[in-house]
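The values are calculated or read from the model by the stated rules, or taken from the named source; none is laboratory data. Quick caveat, the model's predicted, so the values are computed rather than measured. Cβ: placed from backbone, ideal geometry, glycine included. Neighbour counts: every protein chain shown. Quick note on the areas: whole protein, heavy atoms, side chains included, nothing else; ligands and nucleic acids left out. Shrake-Rupley method; radii C 1.70, N 1.55, O 1.52, S 1.80 Å.
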Amino acid sequence: MRKALGALALAALAAGCATSPTSTPIFSRAPAVPRLSPADQLLASLTRLKAMDEVTLASEVARSRGIAEATPTDLANLEAALALAVWPPAEDAEILARLTPVLREAPPAAPEMRAMAGFLQGMVLERRKLRESATAAAAKSRDDRRETFAQKQRADAQQERADRLQQKLEALTNLEKSLSNRKHADDPARRPR
């Protein structure tokens, strides 16, 4: 029995060696490179973007736009939206347009992708509100300055008018005093006709 088992094992081993040369090996000699999750890829992308100057960032925005347009995957759209969010001259509408496919209901994106897209969307909407309120505050400030300037001009005009009237009143008072100081002022026969 032992010899039969040994022969059977030897036959199985020989049969295993006789496989076709086109079969793939079970174990690879190359070490496995750990693949980053989409969330880790986005964080790495954000770290890289934050370290860039404006010129490099502008070229990175153009590159990520091109990739997102060529292969519109959720990750590519998020990386393009992230690059646009960091780039100062970017338009909020373009960022939101890049996020729309990731936030869609069907087919849903991965949870971490949706979370990042939701975060970026909230950030962009908040930035838009801040810009609008800053614009409104600047317009109100400009209107207030105009109103203050107009009030100052009206006050100056009223002061000038009051000064002219005061001068006329003083002139009339002086005229009245000079007429009353004349000798013939009380004599009706000597009054001029």
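This table checks each residue for (1) more than 21 Å from A44 (Cα to Cα); (2) in contact (Cβ under 8 Å) with a residue 24 or more places away in the chain.
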position: R65; (1), (2): no, no
position: L84; (1), (2): no, no
position: D92; (1), (2): yes, yes
position: L103; (1), (2): yes, no
position: P108; (1), (2): yes, no
position: F119; (1), (2): no, no
position: A137; (1), (2): yes, no
position: R145; (1), (2): yes, no
position: T148; (1), (2): yes, no
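Here is a check on your reading of the model: is L78 in contact with a Lys or Arg (Cβ under 8 Å, 6 or more places away or on another chain), touching a residue at least 40 places away in the same chain (Cβ under 8 Å) and aliphatic (A, V, I, L, M)? Criteria met by L78. Taking the condition open to solvent by less than 80 Å² (accessible area, probe 1.4 Å), in a helix (DSSP H, G or I), touching a residue at least 24 places away in the same chain (Cβ under 8 Å) and farther than 20 Å from P72 by Cβ, does R98 pass? Spelling it out, it is not the case that R98 is open to solvent by less than 80 Å² (accessible area, probe 1.4 Å), in a helix (DSSP H, G or I), touching a residue at least 24 places away in the same chain (Cβ under 8 Å) and farther than 20 Å from P72 by Cβ. Taking the stated definitions as given, is A117 closer than 30 Å to A39 by Cβ, touching a helix residue (DSSP H, G or I) at 6+ places or on another chain (Cβ under 6 Å) and not in a helix (DSSP H, G or I)? No: the conditions fail for A117. Taken together, the residues in the stretch 72-95 that are part of a helix (DSSP H, G or I) and surrounded by fewer than 18 Cβ atoms within 10 Å (Cβ to Cβ) amount to 4. Just one residue in the set R127, R142, R131 is more than 27 Å from E54 (Cα to Cα), of a type outside the set (V, I, T) and modelled with pLDDT of 90 or more; that residue is R142.
Evaluated against (1) farther than 17 Å from A97 by Cβ; (2) under 21 Å from the mean Cα position of the chain (by Cα), P38 falls short on exactly one condition, (2).
Of E69, E160, E132, E105, all but one fail to be open to solvent by 90 Å² or more (accessible area, probe 1.4 Å), part of a loop (DSSP other than H, G, I, E, B) and among the acidic types (D, E); the exception is E105.
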